[in-house]
Amino acid sequence: MNTILPYLVVLTSPVIAYWITKRWIYISSKNDNLVSKDLHKPYEAYAARIGGLPITIESIIMMAIIQILFGHWDTYLLVSSAFYSMIGFMDDVFGLKNLEKIVLSGIPFLFMASELSPFTPFDLMPFPLHLAAITLYGIYVTNAFNTLAGFNGLEAGLSSVTSLTLSIMLLLTGKGVGSLQFLLLALVSLAFLSLNWYPAKAFPGNVMTFFLGGTISFIAAENNLYWPLIVLTIPHGVDFFLKLISWGKTAEKIPTRVREDGTLLPPPNKSLAWLLIKKGINKERKLVTTILIIEVVLSAFTLIYFPS
């Protein structure tokens with residue numbers, strides 16, 4: 001593939017993402033149902049509630065264009081991405097139970113496992129166990145991206161670092177399509193981050209977090225990047241594990257409280273934010289920055305430790 005068109009598509013994607021998100025923020029501001037209160041501010045602040053919807057739609061379209069230009073059509077990835085977007089959108093609009101999200105998020109990996117790379121070392125086990133490992137991997141990553149959320153810049157920032165790291169890994173192995181798709185996700189996440197950083201004008205919504213978690217995990221599984229992604233999602237995993245401990249309370253979705261000076265108080269539900277606030281990292285911007293620094297360190301470790 002000698003044409004530069006796929007690269008131009010990717011490079012223009014953040015510009016489009018920024019513009020359509022700005023328009024969506026304006027549209028949302030005119031409808032009370034499309035905005036929600038920023039719970040971690042000591043003052044009244046509102047932002048577009050499902051701010052990641054335009055970027056989610058754009059990303060799926062852009063991925064399809066990249067595949068067409070490369071002559072590498074991947075129906076399984078596009079169907080999975082659309083499916084995860086639908087789950088997230090349903091959760092935003094109707095609200096899904098935790099168990100429903102866990103079950104639904106495993107469906108693409110369960111039924112499309114034959115199209116994915118073997119998951120070492122589980123591929124040495126009987127097929128049902130290998131299939132279970134792939135399905136549980138998809139459930140974990142998708143829901144981990146969705147649950148480590150709620151603070152300005154957190155979801156978009158983590159997704160940017162994770163996607164860029166995996167893009168570099170695939171670039172070094174000559175897998176151009178996968179590398180560009182990860183780069184696309186990194187760039188649109190960065191574009192969204194500019195509008196989601198403290199103080200946020202738009203929240204990603206579950207539509208964007210489910211899309212990113214499901215799509216990143218699926219592309220990684222197609223390209224045998226299971227373990228690099230698991231390392232990159234260590235912060236998500238710690239958060240996921242702590243929330244599992246508080247399973248009975250998480251259904252109540254009790255938010256982190258904030259004092260008048262902007263200091264965060266630990267929520268009753270255990271989470272990564274709860275742990276860091278307990279350690280004295282109790283301002284929203286500092287909390288998010290700390291988690292992003294941890295993710296950058298994990299990114300460097302992944303690029304050094306895992307052979308290209």
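The values are calculated or read from the model by the stated rules, or taken from the named source; none is laboratory data. Since the model is a prediction, treat every value here as computed from it, not as a measurement. Using ideal geometry, Cβ is built from the backbone for each residue, glycine included, and neighbour counts are taken over all protein chains shown. We work out accessible area using only protein heavy atoms, side chains counted, and drop any ligands, DNA or RNA first. Shrake-Rupley method; radii C 1.70, N 1.55, O 1.52, S 1.80 Å.
About the Cα centre of the chain, how large is the charge dipole given +1 on each Lys and Arg Cβ and -1 on each Asp and Glu Cβ? Please answer in debye to the nearest 20. Before the final figure, lay out each step's value.
Details: 21 positive and 18 negative charges, 178 e Å.
The dipole magnitude comes to about 860 debye.
Karplus-derived 3J(HN,Hα) values for the range 109-124, using 6.51 cos²θ - 1.76 cosθ + 1.60 with θ = phi - 60°, are 6, 5, 8, 10, 4, 5, 8, 9, 5, x, 9, 6, x, 5, 5, 7 Hz; glycine and proline are entered as x. For the range 1-84, carbon and sulfur atoms together expose 67% of the accessible surface, with a 1.4 angstrom probe and every protein chain in place.
With N residues in the range 1-152, what two-decimal value do you get for its Cα radius of gyration over 2.2 N^0.38 Å?
1.26
With all protein chains in place and ligands, DNA and RNA left out, the 1.4 Å accessible area ranks W73, W274 as W73, W274, largest first. Shown here: the range 128-205, whose C-alpha atoms stretch 46, 29, 13 Å along the first, second and third principal axes, sorted largest to smallest.
Note on the range 173-286: the C-alpha convex hull projects to 8.7 nm² when averaged across all orientations. Scanning residues 5 or more positions from Y46 or on other chains, those with amide H under 5 Å from its amide H are D38, with H placed 1.01 Å from N in the peptide plane.
Taking amide hydrogens as placed 1.01 Å from N in the peptide plane, the amide H of V35 sits under 5 Å from those of R49, each at least 5 positions away in sequence or on another chain. Remark: the chain carries 45 Å² of accessible area per residue (probe radius 1.4 Å; ligands, DNA and RNA excluded). Relative contact order of the chain, taken over Cα pairs closer than 8 Å and 6 or more residues apart, is 25 percent. Taking the protein heavy atoms of the range 180-308 in the context of the full set of protein chains, the accessible area attributed to carbon and sulfur is 65 percent at 1.4 Å. Taking amide H as placed 1.01 Å from N in the peptide plane, R257 has its amide H under 5 Å from the amide H of L265, each at least 5 places away in sequence or on another chain. K201 sits among other residues whose Cβ lies under 13 Å from its own Cβ, and their net charge, with Lys and Arg +1 and Asp and Glu -1, is +3.
A simple rule links phi to the HN-Hα coupling: the Karplus curve 6.51 cos²θ - 1.76 cosθ + 1.60 with θ = phi - 60°, which for the range 77-88 gives 5, 5, 5, 5, 4, 5, 5, 5, 4, 5, 4, x Hz, with x for Gly and Pro. Solvent-free Debye calculation, one equal scatterer per alpha-carbon of the chain: log10 I(q)/I(0) at 0.11 Å⁻¹ equals -0.64.
Sequentially through the range 133-150, phi angles give Karplus couplings (6.51, -1.76, 1.60; θ = phi - 60°) of 5, 5, 5, 5, 4, x, 5, 4, 5, 4, 6, 5, 5, 7, 8, 7, 7, x Hz, Gly and Pro residues having no value and appearing as x.
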